[in-house]
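The values are calculated or read from the model by the stated rules, or taken from the named source; none is laboratory data. All of these numbers come straight from a predicted model, not from anything done at the bench. So basically every Cβ, Gly included, is an ideal-geometry build from the backbone, and we count neighbours across all protein chains shown. Protein only, heavy atoms only, side chains kept; ligands, DNA and RNA dropped before computing areas. Shrake-Rupley method; radii C 1.70, N 1.55, O 1.52, S 1.80 Å.
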Amino acid sequence: VLDLSQAIDPARIELRSSAVLVIDPAKGNALVARNVTTARPIASITKLMTAMVTLDGKLPLDEVVTISAADVDHLKGTA
């Protein structure tokens, strides 16, 4: 297991994000934290709902999903 707290000096990480939280999963401590107490809107409701439906439905997380031309939303030009 790579110990990121030894490999990277968090003070030297340059990010453009106004808020960020990186946690060392082995130790549970924050390696980088910026504006962690500020409430922010969700970045993508679609991604959140996809994750919730997948997890609630107990669907396999390693299943390959193929998106075809029939899946394209021609009104908005999105898949």
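When you scan segment 54-70, how many residues do you find that are of a type in the set (S, T, N, Q) and either loosely packed, with under 10 Cβ neighbours inside 10 Å or touching a helix residue (DSSP H, G or I) at 6+ places or on another chain (Cβ under 9 Å) (or both)?
2
What are the residues in segment 1-21 that are open to solvent by 90 Å² or more (accessible area, probe 1.4 Å), at pLDDT below 85 and within 15 Å of the chain's Cα centre (by Cα), if any?
none
Could you tell me which residue of segment 22-44 is modelled with the highest pLDDT, considering only residues that are open to solvent by less than 100 Å² (accessible area, probe 1.4 Å) and more than 25 Å from R12 (Cβ to Cβ)?
Once the filter is applied, the top-ranked residue is A39.
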